[in-house]
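Working notes for the structure below.
Since every read-out is calculated from the coordinates, none of them should be taken as a lab result. Owing to the predicted nature of the structure, the values given are computational and were not obtained by experimental measurement. In this analysis, Cβ positions are derived from the backbone assuming ideal geometry, glycine residues included, and neighbour counts consider all displayed protein chains.
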């Protein structure tokens with residue numbers, strides 16, 4: 001089932017299918033290792049839903065909710 005990363009719950013994972021962001025956001029996500037086919041796990045979500053802590057390629061990263069919404073994933 002395909003959804004955006006901001007909809008995944010903690011301790012759930014998925015594979016990146018598409019990145020909708022453009023310009024500087026797209027470059028930033030690519031620099032973080034968030035590319036098509038990458039496996040992403042949501043570690044935790046802050047109480048108000050922002051930021052979202054994720055794990056990609058063994059690295060722990062934080063994204064704003066609006067940034068995570070630009071990443072389409074196929075949930076495992």
(Q) Restricting to Cα pairs below 8 Å that are 6+ residues apart, what does the relative contact order work out to for region 2-75? Please round to a whole percent. (A) 46
Q: Evaluate E = 1/(1 + (r/R0)^6) for residue 1 and residue 41, where r is the Cβ-Cβ distance and R0 equals 22 Å; express this FRET efficiency to the nearest 0.05.
A: 0.85
Q. By DSSP, what percent of the beta bridges with both residues in the chain are antiparallel, rounded to the nearest 5?
A. 100
Q | Cα Rg, Dmax (largest Cα-Cα span) when computed across the chain, Å | A | 10.8, 30
